[in-house]
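Since the structure comes first, as C-alpha cells, the remarks are kept for the end.
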Amino acid sequence: MRGRWLIRSASAALAVLTLAACAGGHYRPVADTPVRVGPPYTVRGTTYVPAAAPAYDAVGYASWYGNESGNRTANGEKFRAGWITAAHTTLPLPTYVEVTSLDTGRRIVVRVNDRGPFAGRGRIIDLSKGAAEELGIRAQGHAAVRVRRIEPSEKDRARLRKGKPARALAPLSPRELQGLRSRLASGG
C-alpha cells in the first residue's frame, strides 16, 4: 500500500512540475550570449526570416505591450513589462537598438529580446511598457519611430540587462527629424 502511495505521489508531483515548466516557470538568465538569429517562421500567413542585419535602420511605427508580464520571451527570458525591452520580427535575440520618436526627437536604447509585432501595417517594433514610458509614447499607444541597430557600451548593456535604462541620449535636431519624417512619408 505504502509503495503505491509513494508512486502516485511522485507521479502527481512530476505532473505538477511539468505543468509549471510549461507555464514558464524556468527562464533563461538575462544575458547577451548566445545571440540567436533563428530559422524562418510563419505567423498568420506571413513568413519572417531572421537575419543578422548589422546595418538595420528603419522608420515605421511602434506600439507597446505589457499585459504579458511573467511570460517567456522568444529568447527564453522572463518578460518584465517595466524593463526597457522590445519585440522585433527578424533581428537577432538579443540585439540593441536606438529608438527615436519622430514626434519629439527623443531617443532611447532598447534591448530586443522577443518576437513581434505581428499585427498592424507599418509596425516595426513592439516596445515594453517601460520602454514606451521612457520614450514618452505610452499614452499615445503607437507612434512614428526610427529603429536603428547599435552597439552600446558595456555599461549601458549591463544597465539594460538589469532592467534599468541606458544613459540618456540627446534628442535629434529638428533638421534630422524632418529628414526622418520625410523618409517615413515616402515609405522608406
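The values are calculated or read from the model by the stated rules, or taken from the named source; none is laboratory data. Here the structure is a predicted model, which is why all the values come from computation and not from measurement. Glycine gets a Cβ as well: all are built from the backbone with ideal geometry, and neighbour counts include every protein chain shown.
Residues are listed down the side, and each one gets a yes or a no for (1) within 15 Å of the chain's Cα centre (by Cα); (2) at pLDDT 90 or above; (3) charged (D, E, K, R); (4) assigned to a helix (DSSP H, G or I):
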site: ARG4; (1), (2), (3), (4): no, no, yes, yes
site: ARG8; (1), (2), (3), (4): no, no, yes, yes
site: LEU19; (1), (2), (3), (4): no, no, no, yes
site: THR42; (1), (2), (3), (4): no, yes, no, no
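Summed over the range 138-162, the residues that are at pLDDT 95 or above and either of a type in the set (D, E, K, R) or over 17 Å from THR95 (Cβ atoms) (or both) give a count of 13. Is it the case that ARG159 is within 25 Å of TYR41 (Cα to Cα) and surrounded by fewer than 19 Cβ atoms within 10 Å (Cβ to Cβ)? Judged against the criteria, ARG159 is not a match. Evaluation of GLY66 against the conditions (1) at pLDDT below 95; (2) over 18 Å from ALA139 (Cα atoms); (3) in contact with a Lys or Arg (Cβ under 9 Å, 6 or more places away or on another chain); (4) of a type outside the set (A, V, I, L, M) shows that the sole unmet condition is (2). Selection over the range 107-122 of residues that are more than 19 Å from THR33 (Cβ to Cβ), in a strand (DSSP E or B) and under 13 Å from the mean Cα position of the chain (by Cα) gives a count of 0. On inspection, TYR61 does not qualify as modelled with pLDDT of 95 or more, more than 20 Å from GLY179 (Cα to Cα) and part of a strand (DSSP E or B). With respect to GLY163, determine if the residue is closer than 22 Å to TYR65 by Cβ and not charged (D, E, K, R). So GLY163 fits the description; yes.
Of the set (1) in a loop (DSSP other than H, G, I, E, B); (2) crowded, with 21+ Cβ neighbours inside 10 Å; (3) of a type in the set (D, E, K, R), all apply to ARG138 but (2).
Might you check whether a residue that is in contact (Cβ under 8 Å) with a residue 24 or more places away in the chain, within 20 Å of ARG183 (Cβ to Cβ) and of a type outside the set (Lys, Arg) occurs anywhere in the range 65-78?
no
Considering the conditions (1) under 27 Å from ARG28 (Cα atoms); (2) modelled with pLDDT of 95 or more; (3) buried (at least 21 other Cβ atoms within 10 Å of the Cβ), PRO117 is excluded by exactly one of them, (2).
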